[in-house]
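Please treat every number below as a calculation from the coordinates, not as lab data. Computed from a predicted model, the values in this text were never measured in an experiment. A quick note on method: Cβ atoms are made from the backbone with ideal geometry, for glycine too, and the neighbour counts reach across all protein chains shown.
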């Protein structure tokens with residue numbers, strides 16, 4: 001059996017003098033630095049999550065609007081009078097604050113029935129997503 005020396009025995013028996021004020025202040029300062037670092041990273045992660053959610057929502061809206069435009073005849077084709085179609089900054093009814101702009105214009109002149117479609121989704125004046133695709137009129 002090992003006998004502890006006198007300093008160890010004093011520490012376990014309660015006769016030690018305890019922590020100094022300097023040690024306590026250093027421990028509190030270290031805890032404060034660690035807490036600030038953790039709270040800062042949580043705040044940054046929250047901001048990144050909000051931005052990611054906004055962009056995912058904007059991308060979903062843009063894809064949805066693109067499919068709607070491609071499936072429906074929003075711009076009637078007239079071979080003799082090709083026209084551009086533009087729908088500028090219409091607020092989404094499902095997601096308030098998101099604005100959708102759609103434009104469709106003939107690719108060639110004279111019109112061969114192919115249109116370039118551009119869908120842009122913005123929020124607070126900042127463009128989040130822009131999609132471009134082509135639509136062909138099957139009647140031409």
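Computed from the Cβ-Cβ distance with R0 of 30 Å, the FRET efficiency linking residue 64 to residue 105 stands at 0.90.
Kirkwood hydrodynamic radius of the range 19-136 from all distinct Cα pairs, in Å? Walk me through the numbers before you get to the answer.
Details: mean 1/r = 0.0564 Å⁻¹.
Every distinct Cα pair counted, the radius reaches 17.7 Å.
Ranked by how many other Cβ atoms sit within 10 Å of their own Cβ, fewest first, the residues 54, 126 fall in the order 126, 54.
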